[in-house]
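Notes follow once the structure below has been shown.
The values are calculated or read from the model by the stated rules, or taken from the named source; none is laboratory data. Just so it is clear, the structure is predicted and the values come from calculations on it, not from any experiment. Positions of Cβ are backbone-derived with ideal geometry, glycine not excepted, and every protein chain shown enters the neighbour counts.
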There are 2 protein chains.
Amino acid sequence: MSNDSNSTRRDFLKKGALAGVAAAGSMTLGFGTKNASARALPTPEKWDAEYDVIIVGSGFAGLAAGITAKENGAEKVVILDKMPVNGGNSIINGGLLAVVNSKLQEKEGIEDSVELYLKDLLDAGQDINHKDLIKTVATEGQDLAEWCSEKGVEWNPTLEHLGGHSVPRTYLTTVSSGSGIVRPLTTHYKDKLGGKLQTNTKLTGIVREGNNGRVVGVRVREGYSFDFDSTDGDRGNTSGTEKYYRAKKGVIMATGGFSQDPFFRGAQDPNLAMPTDELDSTNHAGATAEALEEMLRVGAVPVHLAWIQSGPWASPNESGFGVGSSYQIAAGFRYGIMVDTETGKRFMNELDDRRTRTMAMFDVIGDLEDPNYPITIADSQDGVMAAGTLEKCLERDVVLKFDTLEAVANHFNIPEEALKEQVNEYNRYVKEGEDKQFGKPIDDGMKPIEKAPFYVMEGVPKVHHTMGGVMINTEGLVIETATQKPIEGLYAAGESVGGPHGASRLGSCAIPDCLVFGRICGRNAARDKA
Amino acid sequence: MSNDSNSTRRDFLKKGALAGVAAAGSMTLGFGTKNASARALPTPEKWDAEYDVIIVGSGFAGLAAGITAKENGAEKVVILDKMPVNGGNSIINGGLLAVVNSKLQEKEGIEDSVELYLKDLLDAGQDINHKDLIKTVATEGQDLAEWCSEKGVEWNPTLEHLGGHSVPRTYLTTVSSGSGIVRPLTTHYKDKLGGKLQTNTKLTGIVREGNNGRVVGVRVREGYSFDFDSTDGDRGNTSGTEKYYRAKKGVIMATGGFSQDPFFRGAQDPNLAMPTDELDSTNHAGATAEALEEMLRVGAVPVHLAWIQSGPWASPNESGFGVGSSYQIAAGFRYGIMVDTETGKRFMNELDDRRTRTMAMFDVIGDLEDPNYPITIADSQDGVMAAGTLEKCLERDVVLKFDTLEAVANHFNIPEEALKEQVNEYNRYVKEGEDKQFGKPIDDGMKPIEKAPFYVMEGVPKVHHTMGGVMINTEGLVIETATQKPIEGLYAAGESVGGPHGASRLGSCAIPDCLVFGRICGRNAARDKA
């Protein structure tokens, strides 16, 4: 084809531009200084308190930041939380930590690599992940299990193999919950390092020097009382007293996601606009969007806000994450199969990524007013019996126990023969080591489903994780739209950040993200020469 | 299952909250007033100019707003544009307008409805569209063809059938370009209605009364000179002189999308972070993110920013939208087939929605450094010969002409027999009225591909439309994060708005969106009692 055809629109417009310049007459040309300006709160006349480093949010990211800031020489460090208890959403999180080249992988003979970790995250994230950030997580996260253990975290002795991961690489706390990390880190931060933690304190503004410069502090409401009956993400709650806190070295936003904010999540997906009592979320009630919104007002770059993930492993028979989610992740999906009770047939790879499974399950569930919940069926093989929360699930009727598959079919009104055929077909694939039906990865730990009694759990996806947040660089600094450069003194880590997980976060990759970037932010803020 | 198992996490946390309140001691509880506050520019000491309505952006939405504001009694109206020429991206747009229940549909005997229009948009938009907004577009857009004609717009005498639309419903300007709408609307606005249009004037700030109240004006740079060589979305360009303009009745943001902003689009999808000379866009050079960023700073709700659409109908042998896109939309994809030159086989429904086609094409193209561009093959049937830009495409070697399919196979090194088999198979489906290969909708206007000469165009997707923007209500008012209510005096329309198109915009649905909401904003601002 001829090169002549490449007359460019840009060239055309350039000519137009010059013509326009001529027509507009003389004008001042001056590039290089800033044009658009941020609108942070200006410096107050008087600060009510002074710190070296102020951390907003007391979950995984905030605690890691607090510990590392102290370890790196910051004397006055405070972690603020708007809620009456500390720990944020992390304390009710599933307690799963995916890291590569770990001691347990070595022990179990599992080959893994940073590259394979990145590939798994990019596959789930539809390749829009900020690769520099996940590379940092994978690389700097390799010591996390030990880093946590040193502070008193207790891990199960074997790895989990979660959906979307090529190999088992996931540690699980012995209590099957993030509280198993939050509690020892909190104790370490407060008691060992002398860090300050202040609840009932809500961020309402970020202060920049001269309005547009370095972040030098925050505006808060002390004695804030979160309104648990709020239906609008707790907006308009002005309880407590307004105070200004100075941060000499930096402010670290570890403020989490917005899964419990019907307004903000509904703006991204109107199907999620219903209040939580209609469309449940696994998150704690404080997972609202206000801190994120404040960062946008001071000029942070919004990233991936429209990507909201539901967790496919929840139970419709309890609220929130509950006890069923951990069972379903560790046992139901791995050692069992999920079937549509109307047909008795499987309809997905039970270890596929969360978004794919969620969409497949909602297809089966149909109308939420008259739902057809699918069920997982597992048996009494070792992996299932080892699931930490099975006992609690049985106590709460989240998991039901049956002596035979016939009884399962009867209870859920499933076509019995179809169900038995399905179980037999799946068992054949397990023996052959290859799932020819849906491509579920079969590993040596998985056995055929044949050992009574059988365990059955109904499943429903719940709003679980908001991939979006603000843009940061690998040093944890928040990037500004107007300049494309970091906002000095403003850091962010964890779910308040967008980018690492792209379109869909893989299970057990939140904790390493929070801890790695929490550590980076704490270290960098402490060392800030400001 | 037992109800007892429904112990709720919310109940648990409520108890925790009360305990927390008690622990924190007495505090002021006061709901209902605002907590977080926006940070718009405060009112200046002196305004440099005063208008009733200020419109930022002079494309479809801005012009419709200007016309309607004048028609509804606003005396002093100004349309500002940062570029040296007016028309924004609209002037190089494809000139396609999809409306329901139109005169041409009646003439051609096509049954259509608002409901079918909504269904098509929701299917393409993955059901995350803001339904109230598209219902407004479909309902209030039914008169648009005539509304435009009254102002001098000339339409082709027959409808187009675009990908993703259930029926033909798309008008095309006789010049096959949006300039066929922009020019008559501009003339009408300026000459008939006495409206003012001011180019080389860039918005740099939105002014709110008392910082946090009604929007009462804008800060601009007059005599601004857009830097066509900028690689960063023209950030940091401070040419021109700073001025403050008062808007007594309202500011309407018709500022377009950010397809030409490698930084902002790259933050959403790192695969799009390359500058435009590496990854082309169909948009004019001024399609950058700064006005959107300013709206976020004053507290607008970001919606769907991560959804960026590439146009699957572009040519790799010219820059931008070019002349090839119109040919491919009107003829190549409708009357022809697209094949992978390595196999000679089709690989998609050529009339599928844009995102699905883009992803299928990038799969075939592979490495952008060594691309394997697919081609469309069409023949000399009436529909192809009627394509308005065919002649120009041939002149510029964007479309090549061949006497036989053998010659096509030879030129592109396609397996000849496979190609012929593919064409024969497709021709059979056309005769049978059903595409059993990929489900392309076959209508009566389509004939088998058999009449020499044959027309061939290489294809590549180019960044075309950014679905995301700020949240508005059906009155065109911008919604604020902190209050979930409209920001008084601030309107937005067109591509600067997020929501109508969800995850992927259907072709020919941008113009009706721009015109309908432009008219709504103009009318409402003019009638504002402020």
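Restrict the check to the range B:268-284 and report whether at least one residue is touching a Pro at 6+ places or on another chain (Cβ under 6 Å) and facing another protein chain (nearest Cβ under 9 Å). Checked against the condition, which is being touching a Pro at 6+ places or on another chain (Cβ under 6 Å) and facing another protein chain (nearest Cβ under 9 Å), the range B:268-284 yields no hits at all.
Condition check: more than 12 Å from every other protein chain (Cβ to nearest Cβ) and either touching an Asp or Glu at 6+ places or on another chain (Cβ under 9 Å) or part of a loop (DSSP other than H, G, I, E, B) (or both). Does residue B:502 satisfy that? No. Look at residue B:243 and say whether it is in the same structural domain as residue B:55 (by TED's automatic domain parsing), farther than 24 Å from residue B:495 by Cα and in contact (Cβ under 8 Å) with a residue 12 or more places away in the chain. Yes, satisfied.
Of everything listed in (1) within 14 Å of another protein chain (Cβ to nearest Cβ); (2) surrounded by 21 or more Cβ atoms within 10 Å (Cβ to Cβ), the single unmet condition for residue B:127 is (2).
Residues that are in a helix (DSSP H, G or I), outside the structural domain of residue A:399 (by TED's automatic domain parsing), within 17 Å of the chain's Cα centre (by Cα) and of a type in the set (D, E, K, R): does the range A:262-282 have at least one? Looking for residues that are in a helix (DSSP H, G or I), outside the structural domain of residue A:399 (by TED's automatic domain parsing), within 17 Å of the chain's Cα centre (by Cα) and of a type in the set (D, E, K, R), one finds at least one in the range A:262-282, hence yes. Taken over the range B:285-303, the residue count meeting the criterion of being part of a loop (DSSP other than H, G, I, E, B), at pLDDT below 95 and facing another protein chain (nearest Cβ under 7 Å) is 2. Filter the range A:411-456 down to the residues that are touching a helix residue (DSSP H, G or I) at 6+ places or on another chain (Cβ under 8 Å) and of a type in the set (A, V, I, L, M, F, W, C), then identify the one that is surrounded by the fewest Cβ atoms within 10 Å (Cβ to Cβ). Selected residue: A:442. Of the residues making up the range A:87-104, those that are in a helix (DSSP H, G or I) and in contact with a Gly (Cβ under 9 Å, 6 or more places away or on another chain) are A:88, A:89, A:90, A:91, A:92.
Within the range B:432-450, is there a residue that is over 34 Å from the mean Cα position of the chain (by Cα), touching a residue at least 12 places away in the same chain (Cβ under 8 Å) and assigned to a loop (DSSP other than H, G, I, E, B)? Yes, that holds for at least one residue. For the range B:167-213, a residue qualifies if it is among the charged types (D, E, K, R), within 20 Å of residue B:75 (Cβ to Cβ) and not in a strand (DSSP E or B), and the qualifying residues are B:190, B:191, B:192.
Can you pull out every residue in the range A:453-507 that is within 11 Å of the chain's Cα centre (by Cα), among the polar types (S, T, N, Q) and more than 19 Å from residue A:218 (Cα to Cα)? Those that are within 11 Å of the chain's Cα centre (by Cα), among the polar types (S, T, N, Q) and more than 19 Å from residue A:218 (Cα to Cα): A:466, A:504. Name the residues in the range B:178-198 that are under 30 Å from residue B:357 (Cα atoms) and surrounded by fewer than 24 Cβ atoms within 10 Å (Cβ to Cβ), would you? Of everything in the range B:178-198, those that are under 30 Å from residue B:357 (Cα atoms) and surrounded by fewer than 24 Cβ atoms within 10 Å (Cβ to Cβ) turn out to be B:179, B:180. Of all residues in the range A:354-392, those being of a type in the set (S, T, N, Q) and within 27 Å of residue A:174 (Cβ to Cβ) number 4.
For the structure I just gave you, tell me whether residue A:241 is β-branched (Val, Ile, Thr), modelled with pLDDT of 95 or more, more than 25 Å from residue B:486 (Cβ to Cβ) and surrounded by fewer than 24 Cβ atoms within 10 Å (Cβ to Cβ). Spelling it out, residue A:241 is indeed β-branched (Val, Ile, Thr), modelled with pLDDT of 95 or more, more than 25 Å from residue B:486 (Cβ to Cβ) and surrounded by fewer than 24 Cβ atoms within 10 Å (Cβ to Cβ). If you go through the range A:260-275 and keep only what is crowded, with 19+ Cβ neighbours inside 10 Å, farther than 16 Å from residue A:83 by Cα and in contact (Cβ under 8 Å) with a residue 24 or more places away in the chain, you end up with A:262, A:263, A:264, A:265, A:268, A:269, A:272. The one condition from (1) modelled with pLDDT of 95 or more; (2) crowded, with 22+ Cβ neighbours inside 10 Å; (3) within 26 Å of residue B:127 (Cβ to Cβ) that residue A:347 does not meet is (2).
Looking only at the range B:70-86, which residues are closer than 29 Å to residue B:312 by Cα and either assigned to a helix (DSSP H, G or I) or of a type in the set (Val, Ile, Thr) (or both)? Answer for the range B:70-86, where residues must be closer than 29 Å to residue B:312 by Cα and either assigned to a helix (DSSP H, G or I) or of a type in the set (Val, Ile, Thr) (or both): just B:85.
Pairs meeting the criteria (first residue in the range B:506-526 and in contact (Cβ under 8 Å) with a residue 40 or more places away in the chain and part of a loop (DSSP other than H, G, I, E, B), second residue among the β-branched types (Val, Ile, Thr) and surrounded by 24 or more Cβ atoms within 10 Å (Cβ to Cβ), beta carbons under 7 Å, at least 6 apart or on different chains) are B:507/B:329; B:508/B:170. One residue alone among B:96, B:63 is under 21 Å from residue B:386 (Cβ atoms) and either surrounded by fewer than 19 Cβ atoms within 10 Å (Cβ to Cβ) or touching a strand residue (DSSP E or B) at 6+ places or on another chain (Cβ under 9 Å) (or both), and that residue is B:96. Residue-level check: of (1) within 21 Å of the chain's Cα centre (by Cα); (2) crowded, with 22+ Cβ neighbours inside 10 Å, residue B:359 misses just (2). For the range B:395-411, a tally of residues being within 30 Å of residue B:177 (Cα to Cα) and in contact (Cβ under 8 Å) with a residue 60 or more places away in the chain returns 4.
Within the span defined as the range A:227-237, every residue fails to be modelled with pLDDT of 95 or more, closer than 26 Å to residue B:125 by Cβ and more than 7 Å from every other protein chain (Cβ to nearest Cβ).
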